[in-house]
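The values are calculated or read from the model by the stated rules, or taken from the named source; none is laboratory data. It should be emphasised that the depicted structure is a prediction, and the values quoted were computed from it without experimental measurement. In this analysis, Cβ positions are derived from the backbone assuming ideal geometry, glycine residues included, and neighbour counts consider all displayed protein chains. All accessible areas refer to the heavy atoms of the entire protein, side chains included, with ligands and DNA or RNA removed. Shrake-Rupley method; radii C 1.70, N 1.55, O 1.52, S 1.80 Å.
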Amino acid sequence: MATLVELPDSVLLEIFSYLPVRDRIRISRVCHRWKRLVDDRWLWRHVDLTLYTMRPKVMWHLLRRYMGSRLHSLRMGGYLFSGSQAPQLSPALLRALGQKCPNLQRLCLHVADLSMVPITSLPSTLRTLELHSCEISMAWLLKQQDPTVLPLLECIVLDRVPAFRDEHLQGLTRFRALRSLVLGGTYRVTETGLDASLQELSYLQRLEVVGCTLSADSTLLAISRHLRDVRKIRLTVRGLSAPGLAVLEGMPALESLCLQGPLVTPEMPTPTEILSSCLTMPKLRVLELQGLGWEGQEAEKILCKGLPHCMVIVRACPKESMDWWM
């Protein structure tokens, strides 16, 4: 059995990549070889800082010493529920992030108070922006904002962002590169607002609406009207009926459909009705049913047998992946 000393650099780097940031820095003191490996650009492509209470001074040090042009994905936590004395993300820090990390493409912010942070502070190189349990100002994402902000943005995830509403959704239409939109728990978005916004977001290729107050039928109706080229749909089955699912029949580009529980109502389509609708979708290759309690049941057999050209996945709702950059 090989010892750590005998392992090649590539294997050690792979091992070190699973360590939290604090431990990566600590092991750099073990020997000159490990210090050289910790300084390797490959090790700092994806950084997760949500595990720590990160003081601004420490964050500035990491930015100057380790990240820089190496960084591709960054996950940071704020201190929204830690009291007024807790450090907050500042516009200066986010601007410096854009200046010192020209290859940063994905930024995930968790539990952060962004109410005093203008969206213009965010790095212009971002292709993916994720906001989880964050506070934003009313001016964020409004259509009247500078249209040159985030010109490369392709994907935005809004998960439990309480201030997000119809006006913000309408403002997303200025991101012309946007192709993927995820709405999770955005309870202020209305059916009317979603329909009006999707009319201008007709170029979306992926839409997820999960844990919102919107009914599945109204969401699918808006999709069928305006997103004829959508490739991936994921939504909660609250308010889903067989006629509501039938509006997707014949969708020409749909490749993946995910229906997520657990709110199964008497109007919920039967496996046979789901099969009937899916057979009219010429490019459907993945059908996923999460948290419906159909695992190992007759429903799974009906769908697998009836859709031989599809990958049919019937399972409980999965836990959130630790590989957040994927």
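I need the fraction of alpha carbon pairs in the chain separated by more than 30 Å, rounded to a whole percent.
44
In a Debye calculation with equal point scatterers on the alpha-carbon sites of region 145-274 and no solvent, what is log10 I(q)/I(0) at q = 0.12, 0.13, 0.20, 0.21 Å⁻¹?
Computed log10 I(q)/I(0) values: -0.43, -0.50, -1.18, -1.30.
What accessible area per residue, rounded to a whole number of Å², is obtained for region 198-326 using a probe radius of 1.4 Å? The partial results should precede the final answer.
Details: 6190 Å² over 129 residues.
Ligands and nucleic acids excluded, the figure is 48 Å² per residue.
Taking each pair of distinct Cα atoms in region 215-326 once, what is the resulting Kirkwood hydrodynamic radius in Å?
Evaluated over region 215-326, this radius sits at 14.2 Å.
Any idea which of Trp140, Pro102, Ser90 is furthest toward the positive side of the dipole for region 45-146, if Lys and Arg beta-carbons carry +1 and Asp and Glu beta-carbons -1?
Positive-most Cα among the choices belongs to Pro102.
Rg and Dmax of region 45-146, Cα atoms, in Å?
For region 45-146, the Cα radius of gyration and maximum Cα-Cα distance read 13.0, 38 Å.
Any idea how far apart Asp39 and Asp229 come out in nm if each label point goes 7 Å out from Cα toward Cβ?
4.8
Multiply the residue separation of Lys100 and Leu279 by 0.36 nm, subtract the distance between their alpha-carbon atoms, and state the gained length in nm to one decimal.
Length difference between fully extended and current span is 59.4 nm.
Taking a cut-off of 24 Å, what percent of all Cα-Cα pairs in region 91-195 are separated by more than that? Before the final figure, lay out each step's value.
On the way: 787 of 5460 pairs.
Of all Cα-Cα pairs in region 91-195, 14 percent lie more than 24 Å apart.
Would you please put 37-46, 266-275 in order of how densely packed they are, using the mean number of other Cβ atoms within 10 angstrom per residue and starting with the highest? Could the numbers behind the result be given before it?
Numbers: 37-46: 17.2, 266-275: 15.7.
In descending order of packing, they fall as 37-46, 266-275.
Calculate the FRET efficiency for Asp23 and Ala316 from the Cβ-Cβ distance with a Förster distance of 45 Å, rounded to the nearest 0.05. All intermediate terms of the calculation are to be shown ahead of the outcome.
Values: r = 32 Å, r/R0 = 0.72.
Computed FRET efficiency for Asp23 and Ala316: 0.90.
Measuring from label point to label point, each 7 Å out along Cα→Cβ, what is the Ile15 to Val30 span in nm?
Taking the two extended label points, one gets 0.6 nm.
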